Amino acid sequence: MSGEKDGGMTSSRPYLIRALGEWIVDNQMTPYIIVDANHGHAIVPRQFIENGKIVLNIGPYAVRNLEVSNDQVTFSARFSGVSMNVEVPVLGVLAIYARENGQGMVFAEDGNGPVSPPPEGGGKPEATPAKPALKLVK
């Protein structure tokens, strides 16, 4: 069957990134992605990587030509005044969230979808990072 990988369904991650990005923008907020900067052939501004990860603003006022295909996220943006084409494998996107309130989704490390929400009464899933403390990337 077309569109299947290894006998199963394709990853839901690119679909969720596209949908959540649109939802965040529709709510007049700023979509950020957390990227594993060492995943695959990620092309990101190396000077902003912290602990192997980088937080990128993918909002319409921060980037040009944003495309989230089933394999990668690509766009052009300026970093410290220098224009750069960014390419990130979709499976290297660890989370997408709204900068203003942190609402969004952290993805499972196996690449197959979201991490389960925390159980009622507290506790966070292990893969949920603390609220990002990185600086705004312009």
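Derivation of every value follows stated rules applied to the coordinates shown; laboratory data play no part. Note that the structure is predicted; figures quoted are calculated from it, not measured. Cβ coordinates were reconstructed from backbone atoms using ideal geometry, including for glycine residues, and neighbour counts include every protein chain displayed.
The phi-based Karplus calculation (6.51 cos²θ - 1.76 cosθ + 1.60; θ = phi - 60°) puts the 3J(HN,Hα) values of the stretch 10-22 at 5, 4, 7, 3, x, 5, 5, 4, 4, 5, 5, x, 5 Hz, whole numbers, x for Gly and Pro. Annotation: extensible slack from Met9 through Arg78 equals 21.2 nm (criterion: 0.36 nm per residue apart, minus Cα-Cα distance). A crude spin-label estimate for the pair Tyr61 and Ile43, with each label 7 Å from Cα along the Cβ direction, gives 2.8 nm.
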